[in-house]
Amino acid sequence: MNKLIDWKNRLKKGHMLSVICVLLIIVAALGFMLYQKQREYRQASENSYNRSFYELVDYIEDVETYLAKAMISSTPEHGAETLTHLWREANLAQSYLSMLPIESQELENTEKFLNQVSDYSYSLSRKNIYNEELTEEDFKNLKELHTYSVELENTLNQLSEDLNSGRFEWGELTKKGTIAFAQQVDNISKESFSNLEENFHEYSGLIYDGAFSEHLTGQEKKGLTGEDIDENQARQKAEEFVGRDNIKETSNLGFSENATIPVYDFSITNKNDETINISISKKGGHIVSMNTNREVGAETISQEEADKKAKEFLESKGFPSMKETYYLKQEGVVTINYAYSQNDVVMYPDLIKVKVALDNGEVLGMETTGYLNNHTQRDTNKVKISAEKAKSTLNKNLEIMSEGLAVIPTEWKSEILCYEFKGKVDDREFLVYINAENGREEDILIITNTPNGTLTM
């Protein structure tokens, strides 16, 4: 009997040992598989970064080549072709630069340089397209850009040698997170990454009288004025905006540091138990956005009444001289776009959006990002051609309905003072923008009128 029990115990111990062994084997196998997967992932990332880097090197070489060609181009036709190629290569270089796992001031300066090359080459290509010859100042600027491109090309060639010789791997930079780039690579190569700082620490961009001057590409928040405020001050601003007599409770939702405009976020419950989300800028304590969540009933007010109430609201909140542009109705709410008007010149970059409930005319929301980014007093005395002269450049089939002056933004973050002509061809409405300084056709928009709003494309 004792032998039988002893035999059973041995079987149990053996069984447990087998189970443990199997589990250990499974764990080891899983660990090995995970290790292999991580290794494959690291290798795939390394390969991806390598491809991006070598593409960057190729495009920088092209940028240097086309800059050299642009410096000696003698005809507008050939110049336009060369500068268009330069614009394309600089844009592609920026794209591949952004794919590298690096965050640093040196990288920002390099990106800024490429952005300047792209914008400036496009500006000059337009001059060539209009059969204008480049000035001595233009060629001087191209020469300066070419000098920096040669330095950048030499630096990247050194980096390429370091990469080929195994002196660094992209994964090592990724592991170090957002530590200053120069510190990250201090032990790698004095002649490689650190040269980006040496080459570009004095680079401040060109100062030239063109469509893409430095003050426009610098991303300065022109309307974001005032000193920084803390969370308590921002809370007071939010409650003042809503009206303290109408507040039941205020909750702090935190600080959005990485937003386009850093803001303090709050949730306010009013006396009707409606939630109002509001964002106040850290700099200056400006209202950036406000949105009220409530059910909207049947429409009882017209578009004109909603526009009047929105304008009164903007005026009361410190936004005078706003002109309605386009609007869109959705589910009982109309969103109206307003642009700042300075001396009857419409400033389209200074945009504020206002949401009005069509059941009672209450303003449910607003968004001021465009206004805070761009609002400033402009020089509107740059008009060099008459309205009649500008009108003479229009298509003869355009039946003009209205005209005026406007400042329009471009996709390159610049601004152009234009004559704005609203007209019609075959019952289709258009907006045509003619440069008020040189008479060039800058843009054409199609106006789409629908039962729910007026839009452009």
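Shown are Lys248, Lys329, whose ranking by accessible area with a 1.4 Å probe and every protein chain present, most to least, is Lys248, Lys329.
Between the residues Ala436, Pro409, Ser321, the greatest Cα displacement towards the positive end of the dipole of the range 305-457, with unit charges on the Cβ of Lys, Arg, Asp and Glu, is found for Ala436.
Taking every pair of alpha-carbon atoms in the range 217-305, give the share separated by more than 20 Å as a whole percent. So the portion of pairs separated by more than 20 Å is 43 percent.
Among the listed pairs Lys308/Lys329; Lys69/Lys112; Lys391/Lys413; Lys311/Lys382, give every one whose C-alpha distance is greater than 19 Å. Where the Cα-Cα span goes over 19 Å, the pairs concerned are Lys69/Lys112; Lys391/Lys413; Lys311/Lys382. Ligands, DNA and RNA excluded, the heavy atoms of His85 present near 70 Å² of accessible surface to a 1.4 Å solvent probe. Rolling a 1.4 Å probe over the heavy atoms of the protein chains gives the range 46-170 an accessible area of 47 Å² per residue. Taking other residues whose beta carbon is less than 12 angstrom from the beta carbon of Lys221, and scoring Lys, Arg as +1 and Asp, Glu as -1, yields +2. When only alpha carbons are used to place a centre, the range 255-316 and the range 333-386 end up 16 Å from one another. For the range 297-412, the average shadow cast by the Cα convex hull is 9.4 nm², which is a quarter of the hull's surface.
Within the range 297-394, which GluC sites (Glu not before Pro) sit in a loop by DSSP and count at most 13 neighbouring Cβ atoms inside 10 Å?
Values: sites: Glu299, Glu304, Glu305, Glu312, Glu315, Glu324, Glu331, Glu362, Glu367, Glu388; in loops: Glu299, Glu331, Glu362.
Taking the range 297-394 and a limit of 13 other Cβ atoms within 10 Å, the loop GluC sites (Glu not before Pro) found are Glu331.
In whole percent, how big is the carbon plus sulfur part of the accessible area of the range 385-457, probe 1.4 Å, protein atoms only? The computed percentage sits at 47. What the pair-distance distribution of the range 232-379 shows, using all Cα-Cα distances binned every 5 Å from zero, is 2, 9, 19, 20, 20, 16, 9, 3, 1, 0 percent.
The 1.4 Å probe gives accessible areas that order Ile400, Ile280, largest first, as Ile400, Ile280.
The values are calculated or read from the model by the stated rules, or taken from the named source; none is laboratory data. Everything numeric in this text was worked out from a predicted model, so none of it was measured. Heads up, the Cβs are rebuilt from the backbone with ideal geometry, glycines too, and the neighbour counts pull from every protein chain shown. The accessibility values were calculated without ligands, DNA or RNA, using every heavy atom of the protein model including side chains. Shrake-Rupley method; radii C 1.70, N 1.55, O 1.52, S 1.80 Å.
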